[in-house]
1. Scanning the chain for GluC sites (Glu not before Pro) in DSSP loops with at most 14 other Cβ atoms within 10 Å, what's the longest stretch left with none?
2. Can you tell me, using C-alpha contacts under 8 Å and at least 6 residues apart, the relative contact order of the chain as a whole percent?
3. Quick one: dipole size for the chain, taken about the Cα centre, charges +1 on Lys/Arg Cβ and -1 on Asp/Glu Cβ, in debye to the nearest 20.
4. Quick one: Debye curve from the C-alpha atoms of the chain, no solvent, what's log10 I(q)/I(0) at q = 0.26 Å⁻¹?
5. Please name which of 22, 50, 37 has its Cα lying farthest along the dipole of the chain towards the positive end, using unit charges on Cβ (Lys, Arg +1; Asp, Glu -1) and the Cα centre as origin.
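Readers should treat all values here as calculations from the given coordinates under stated rules, not as data from a laboratory. Owing to the predicted nature of the structure, the values given are computational and were not obtained by experimental measurement. Every residue, glycine as well, gets a Cβ built from its backbone with ideal geometry; the counts of neighbours run over all protein chains shown.
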Amino acid sequence: MQTVEEFSDQCPYCGESILLMIDTSAGSRHYIEDCSVCCRPIQVLVSVDMDGDWQVQLKHENDV
């Protein structure tokens, strides 16, 4: 069963508030999504623990 949650944060490039839809049922993962304001590529790091609690980090494309 897919569970989608809204996540709001600031773009690491332009600083504008952006809204992402995060599929928390897919577990921990890393992917690239373009900012809806400045179109720069953002690294999205999703981590989900055993209790189903999730966290999202947004980073510049080349950050490690």
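1. It works out to 17-60.
2. Working: 115 pairs, mean separation 17.1, N = 64.
Averaging sequence separation for qualifying contacts and normalising by length gives 27 percent for the chain.
3. On the way: 3 positive and 12 negative charges, 43 e Å.
Around 200 debye, computed over the chain.
4. The Cα Debye sum returns log10 ratios of -1.14.
5. Ranked along the dipole, the leading option is 37.
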